[in-house]
Amino acid sequence: MTLMLDLSQARVGVIGGSGLYAMPGLENVKEIAVETPFGDPSDVVRIGRLRGMEIVFLARHGRHHTLLPREVPYAANLWAMRQLGVRWLISVSAVGSLRDHLRPRDMVVPNQFIDRTNQRPQTFFGQGCVAHVSLADPTCSILNERLADAAEAAIPTGHHVHRDGTYLCMEGPAFSTRAESELYRSWGCSVIGMTNHTEARLAREAEIAYSSLSMVTDFDCWHPDHDNVSVELVIGNLKANAQATEPILSRLLEHLHLERPISPAHTALADALITPKNAVPVETRKRLDLLTTPYWGRFNEI
């Protein structure tokens, strides 16, 4: 199915992880409590302007970091982003490195995920409506490239941006055992975190282009020459990395303001909806209307 997309009024979303609970540099900020069919998001969302574009910011774990990774209301968070017109989403996250060349305070823009979680929402669909989106390439390559370019131009001297890599998403909240860390290294994984794969899956169903700015804070527990990961180590390095967030996003938004790229993610549902619309229960049709309107038309209950 071919759709004519108008992204001229679309917004950019930013989800801030550990250590990033507000978006520096936002102007004309207003806070909105968003209601979704999947409950409340992690916190109120903040909407403001940066470099000529509207930004929707949300603190993944709440502004006071009160939510465990498995407690984050992922479906509500991603639905709220789509409901507010977000079509490009940047996740800023703390990760552990599983490779010697990925050093603390480096940044990685991963292009693949392995999911090891078991208590997360996996889809907006169900309850009489089936959709199967493609996740072969779970992040947006176009947005990844622009994000990495912006990061390379703004990252502090002495640190590096690494393009591509595999993010291992673990359940948490405890960090890895040494055996687990070595297992993930044997799989070829690059970094380890607790949140991004779940977001990427739901972003794809919401037809949002998704990219992760993964900030390396530690070497997990596998490296013989470095201390095991601890909260103090993570937060200290993340605060140092977080200072680069505003210049990186500012540079990225300058480019997005001039050219708003259309991603394959923006039409991910075009060939994914399996259930005929007339067979979908009324309440499910109403709940999914935000996502299915481009393909099924707006639902009008008779």
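Coordinate-derived values only; no laboratory data. All values derive from a computational prediction rather than experimental measurement. Cβ placement follows ideal geometry from the backbone for every residue including glycine, while neighbour counts extend to all protein chains displayed.
Using Cβ counts within 10 Å as a stand-in for footprinting exposure, how do Met23, Met53, Met194 rank, fewest first?
Ordered by Cβ neighbours within 10 Å, fewest first: Met53, Met23, Met194.
Would you mind checking the tilt of helix 231-242 against the longest principal axis of the Cα atoms of the chain, expressed as 0 to 90 degrees and rounded to 10?
70 degrees
Take every DSSP beta bridge with both residues inside the stretch 7-82 and express the antiparallel ones as a percent of the total, to the nearest 5.
65 percent
Using helices alone, what [θ] at 222 nm do you get for the chain, with -39,500 (n - 2.57) per DSSP H run of 4 or more residues, divided over all residues and rounded to the nearest 500?
The per-residue figure over the chain is -8500 deg cm²/dmol.
For Asn118, what is the net charge nearby, where nearby means another residue's Cβ is under 12 Å from its Cβ and Lys, Arg count +1, Asp, Glu -1?
Net of charged neighbours comes to +1.
Which residue fluctuates most in the GNM of the chain (Cα springs below 10 Å): Pro24, Pro173, Pro37?
Its mean-square fluctuation being the largest, the pick is Pro173.
Mean-square fluctuation check for the chain, GNM, Cα pairs under 10 Å: which of Gln83, Gln127, Gln243 is largest?
It is Gln127.
Among DSSP bridges having both ends in the chain, what percentage is antiparallel? Round to the nearest 5.
35 percent
Comparing Ile15, Ile155, Ile192, which has the greatest mean-square fluctuation in the GNM of the chain with Cα pairs linked when under 10 Å apart?
Ile155
So how tilted is helix 245-258 from the main axis of the chain? Cα-based, degrees 0 to 90, rounded to 10.
Once rounded, the angle reads 40 degrees.
Roughly how many Å is it from the Cα centre of the stretch 1-58 to that of the stretch 67-111, as a whole number?
Cα centroid of the stretch 1-58 versus Cα centroid of the stretch 67-111: 14 Å apart.
Please order Trp187, Trp296 by the number of other Cβ within 10 Å, starting at the fewest.
Arranged by neighbour count, lowest to highest, Trp187, Trp296 become Trp187, Trp296.
What Kirkwood hydrodynamic radius do you get for the stretch 11-269 when you take the inverse of the mean 1/r over all pairs of distinct Cα atoms, in Å?
Value: 18.2 Å, from the Cα pair sum.
Just how large is the dipole of the chain about the Cα centre, in debye to the nearest 20, putting +1 at every Lys and Arg Cβ and -1 at every Asp and Glu Cβ?
Roughly 520 debye for the chain.
To the nearest 10 degrees, how steep is helix 282-296 against the longest Cα principal axis of the chain, on a 0 to 90 scale?
With rounding to tens, the tilt is 80 degrees.
How much length would be gained if the chain were fully extended between Tyr295 and Ser134, taking 0.36 nm per residue of separation minus their Cα-Cα distance, in nm to one decimal?
Full extension from Tyr295 to Ser134 adds 56.3 nm.
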